[in-house]
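One structure is given below, encoded as structure tokens.
The values are calculated or read from the model by the stated rules, or taken from the named source; none is laboratory data. The structure displayed is predicted, hence computed values, not measured ones. Every residue, glycine as well, gets a Cβ built from its backbone with ideal geometry; the counts of neighbours run over all protein chains shown.
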Amino acid sequence: MIKLRKGPQPAVLSRNGEPWKAEYQQALAAGKRRSDIPARYRHPEIKEAVRAESFDKCLYCETKISHAQFGDVEHIVPISAKPEDVVTWENLGYVCQVCNNKKRDYWDESCPLLNPYHEDPNDHILFLGPWVMHRPGDERGRVTARRLHLNRSALMERRKERLDRIAALLDEIALMPPGPAKTAMLEYLREETSKSTEYSGAASALVSIYLHDGMNGGAASTHLTRPSAEAALSPSAVDSGC
């Protein structure tokens with residue numbers, strides 16, 4: 001999970017948001033089941049907009065959705081709790097089928113799941129290799145990781161494969177002398193840990209750990225706060241680290 005920025009509201013939602021909201025609320029008032037009411041929020045233009053702003057990744061687990069599934073446009077705050085937000089742009093996100101099924105209608109106003117559009121997940125969770133852990137004492141981080149099963153076996157395996165590739169790159173870079181080749185490899189590493197890549201949260205954390213510990217003589221750091229991957233990959237940091 002990484003920090004995301006909400007993009008502009010699609011034109012189709014700007015034009016039709018209020019009528020769609022009224023249609024939904026009137027259908028509920030008439031006794032219709034939610035499953036029988038048209039899911040206007042899944043309009044193709046809306047789906048493309050949320051897909052693009054989350055880099056074609058599930059906003060929770062960061063799996064590239066188009067690799068294996070169609071993906072869902074779903075509500076961050078469930079409409080069972082807030083039906084008035086059925087087509088509210090800020091309440092729509094792109095999620096994988098597994099996370100969507102795990103989340104279901106969970107809602108606790110005193111302990112909501114992390115919302116990567118409104119807050120930085122790094123303030124609540126830690127990436128320790130392929131593991132997602134809550135920061136000590138952080139209840140929302142704990143509930144989010146457990147509710148969404150962010151350490152499910154298939155997800156852990158894919159994260160580990162990704163991290164193994166990043167670790168191999170870091171080893172190669174560490175053995176290279178300063179020069180154009182090393183600079184090019186560092187640029188490639190930046191691209192490999194950018195927000196658009198799969199599991200970039202875990203990959204960026206790994207880069208930060210490697211380079212931060214390298215800058216401190218190879219000793220493992222006991223701090224929970226390290227520089228971001230972007231800061232760790234700056235030319236000055238790399239020259240002193242690898």
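Structure above, values below:
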quantity	calculated
Whichever residue in the range 170-221 is at pLDDT 90 or above and among the polar types (S, T, N, Q) and, among such residues, is surrounded by the most Cβ atoms within 10 Å (Cβ to Cβ)	THR193
Tally of residues being more than 14 Å from LYS6 (Cβ to Cβ) and assigned to a loop (DSSP other than H, G, I, E, B) across the range 42-76	11
Residue within the range 180-194 that is among the hydrophobic types (A, V, I, L, M, F, W, C), out of contact with any helix residue (DSSP H, G or I) (no Cβ under 8 Å at 6 or more places or on another chain) and farther than 20 Å from CYS58 by Cα present	yes
Unique match (being in a helix (DSSP H, G or I), buried (at least 16 other Cβ atoms within 10 Å of the Cβ) and more than 13 Å from the chain's Cα centre (by Cα)) among ARG142, ARG146	ARG142
